[in-house]
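Here the structure comes first, spelled out in structure tokens, and everything after it is commentary.
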Amino acid sequence: MARTAFAPRAYRNLWGVVTGLGVVAGYVAVLAANSRHFYTDDTEAQYGPLWVALGHRLREGRFPALVPWEWMSGNYTMEEAGIYNPPQLLVDLIAPSVDNLAAYVTVVKLVYSILAALGVFRICLAYGARAPWAAVAGVAFPLSGWFLFFDEASWATSLAGTAWMLHAWAASVRYTRGRGGPIPVFVYLYLAISVQYVFPAVESGLMIAAVIAGEVVHQRRWQPSMRLAATAICALLAGLMTYLPSVLSSPVTWRGNERIHNDSFLDVPWSESLNASLPSTVPAFNGWWGYVQPLPMVYIAWFLIPALAFIDWRAAAKSARTLSGPAFFALAVLLWTAGPGYIGPLRWPARVLPMVAVALLILACVLLSRHGDFTFSRRRYTVAAALLGLLFIRSFSAAPHLLVWHVLASAVVAGLGAAAVWLARRYGTATVCAFVLATMFPIAYAQVYGAPQTPMSYNFPERRSEMTGAFPDFGGVTLQLADRALVQPREMNIQGAWGSLAFGNYAKNMELRYVNAYTPIGHAAFSALLCMGWDGSTCPDAYRRAFSPEPSTGQALVDLMKVDRVVLQRAQYPDARGHSAPAGWHWADYHGHENYIWVLERDGGPVSQRDGLIAATENATATSESRDSVTSRLRVSATDGGSVVLARLAWPGYRATLDGQPVDVKAVAGTFVAVDIPAGTHDGELVITWRPPGWKIGIATALLGLTGLGILQWAYRRPRRSGNNLGTATPEPAMVEQKPLVDAMLVTDSLDS
């Protein structure tokens, strides 16, 4: 008999590879159940097309901060665009080269899911877990309920931000325990912040606070935690530019008046945590489907709750201080999930359920690794059966109409648990962990296969070439007046509505310049003018409003916006073609699209490219010298004083100079950028430029953050250069031997001598 053993590092790396492969296997199982699972809702309507559009602008050598003709979503310093996040910019750069958008977003999400799983794996190792149990936690997290059905399926920025935040967590523990430096903490925190989605940023702050408190309890000294706090502050300073424009521009947006208040929508009762291990669970709280949600939103992993019976809690209590950080974090996020419903821009507490999942998985798998006891014990089996009974009762209480499925799921969990205990006693840690990993994939398949379509699914085509081939070749700037609620499910295909109508960011897939787009931010005044919603839908009165004169200028909104074309949804305006076109416009024929749209185009051709973005003048003359996305240069004259209005949305951040002297910028109808020209101006140079509000502060704080990081890195490296760092690292937590288990740090091969 010959025995070979991996070195500890190699063994951990091996299980790290297993973690990545486990995520791949999970994705294969999910895609087998629903090939569009990762291409739905906001991914197909917001993120995928946005990556394509931003990629085109980056390839043109333009930084995509502002796009004037995208009135609903053109300010990308405020959208979920990640324009300061290097990995996201790489995703954007690649996107235009891929025709199959569904495949591309799935691959991108797979990469981020692997990163998230490895982040959980590293956190577990940092808290002293054995590699096999760390892999179990890592693979289980991407297959947990909310994360699988929402963050991975729809909300790509939440997925990306969570992945970076988890690595920041692991790096933070290593830093405070003397096993790593400040740079990884800084980099991962910056990446979590700069995805431009506020939840991962706030969750990162909560995580840092939990680690700081936890390490003070664990190490009984403040210095390591204070170094972590300083590093986190440096990362915050570097990432401040990500959110300064949103904060400073919020008064003009839909989110400007949000305060802390509560409602019952997506508030999750704490008792729903008792559903965490039954695959059939469908929780009861107010959501998109009413009171009972048809998706396993609170499911985490089948083994999580029953496994509590097989932990030696007396031994665990003696080392509880080492796990104070995850415990504090779990308590904090559990409190958050129950409300309030709105904390400024943070709405829908159920979004925090992945944080509950990751905290509980870390705690459970570290405890199983260090204090698991699978020896025969009637008491433990009785406790496990009682926990399973609680799972059944709670899940049945939430959805009694699924009684048969709850009974079946309970039987499956009981059978899997019994098999796992037998394997642990007979073959050891590595074998039981491999078994637990293998059981996750059929459960994920069954959950996704039985899930209903999300209410916000668009069923957009997967290939951009198909979209372009079916859609009219609309040049110039197009305003669509339509309501997505009027599109019937049978029409949601390329042969139907999606060959003529564009909602969300759909037009970006085809490189068309549409006013309508997807935005969670929304310029309140502009939205009110055309009653335009977050997905670009408009109300029936939008047609009248678009061609009505704006009082102060006398110009129609379509003229002030310099729109070349107005597309009317036939379902919303069935009789529009029977009336004469507005003055200066005509009905255009686009054969093959008459079932869905009527099209108005300007007499004399497009105007969006004429005279720069000059939309109207009063008692003044103006000619355009040059313009780009953020700057317009004009020559203006006004003998008795006048004004110039531009086809630019009046976001905060516009500045103007006349012959080098500052002049005030105002907003016409709260929407259009305008400048008053003083009397006696002759051939003056008017320069109107936009910069994100707070950009100078953002640059200064970023430099300050980098300087602080340099000091912290110097302080970290200095004792190591002098050779005085011996013994400074906190020792790894002792591993409790789980007899008669095979030693998890050894891989044995039986060979004939």
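Since every read-out is calculated from the coordinates, none of them should be taken as a lab result. Because the structure is predicted, anything quoted here is derived from the model rather than measured. Cβ placement follows ideal geometry from the backbone for every residue including glycine, while neighbour counts extend to all protein chains displayed.
Annotations for the structure displayed:
- Basic side chains Lys and Arg get +1 at the Cβ, acidic Asp and Glu get -1 at the Cβ, and with that the dipole of region 614-690 about its Cα centre reaches some 280 debye.
- Separation of alpha-carbon centers, region 514-571 and region 132-155, rounded to whole Å: 41 Å
- Net length gained if the chain between residue 422 and residue 490 were fully extended (0.36 nm per residue, minus Cα distance): 19.4 nm
- Cys residues of the chain counted as unpaired, since no other Cys beta-carbon is under 4.7 Å: 124, 234, 365, 433
- Summing charges over all other residues whose Cβ lies under 10 Å from the Cβ of residue 595, with Lys and Arg as +1 and Asp and Glu as -1, gives -1.
- Sorted from longest to shortest, the spans of the Cα atoms of the chain along the three principal axes equal 97, 65, 53 Å.
- Order by protection proxy (mean Cβ within 10 Å, highest first), peptides 24-34, 186-196, 504-514: 186-196, 504-514, 24-34
- Once the Cα-Cα distance is subtracted from the 0.36 nm per residue extended length, the residue 528 to residue 414 segment shows a gain of 35.4 nm.
- Full extension of the chain segment joining residue 704 with residue 659 gains 12.7 nm, where the gain is 0.36 nm per residue of separation less the Cα-Cα distance.
- Those trypsin sites (Lys or Arg not before Pro) in region 554-631 that DSSP places in a loop and that have at most 16 other beta carbons within 10 Å: 610
- Screening the chain for whole DSSP H helices of 24 Å or more along their axis (Cα) with average Kyte-Doolittle hydropathy at least 0.0 returns 8-33, 101-126, 156-176, 198-219, 223-249, 353-371, 378-398, 403-427, 429-449, 695-721.
- Those lysines that a straight Cα-Cα span of less than 22 Å connects to residue 318, excepting residues fewer than 8 apart in one chain: 739
- Charged-residue dipole, Cβ positions (Lys, Arg, Asp, Glu), the chain about Cα centre, Debye nearest 20: 3620 debye
- Label sites at residue 633 and residue 390, each approximated as a point 7 angstrom past Cα along Cα to Cβ, lie 7.1 nm apart.
- Qualifying trypsin sites (Lys or Arg not before Pro) in region 206-241, where qualification requires a DSSP coil assignment and no more than 16 other C-beta atoms within 10 Å, comprise 220, 221.
- Residue among 668, 657, 686 farthest towards the positive dipole end of region 614-690, charges placed on Cβ: 668
- When peptides 230-242, 336-348 are ranked by their average number of other Cβ atoms within 10 Å per residue, the highest-first order is 230-242, 336-348.
- Sparse-neighbour loop sites [GluC sites (Glu not before Pro); region 523-629; at most 12 other C-beta within 10 Å; DSSP]: none
- Candidate lysines - alpha carbon under 29 Å from residue 109, same-chain residues fewer than 8 apart omitted: 508
- Cα gyration tensor shape for region 192-301, rounded if a/c is under 1.5, else prolate or oblate: oblate
- The HN-Hα couplings worked out from phi for region 686-692 by the Karplus form 6.51 cos²θ - 1.76 cosθ + 1.60 (θ = phi - 60°) are 9, 10, 10, 10, 10, 9, x Hz, whole numbers, x standing for Gly and Pro.
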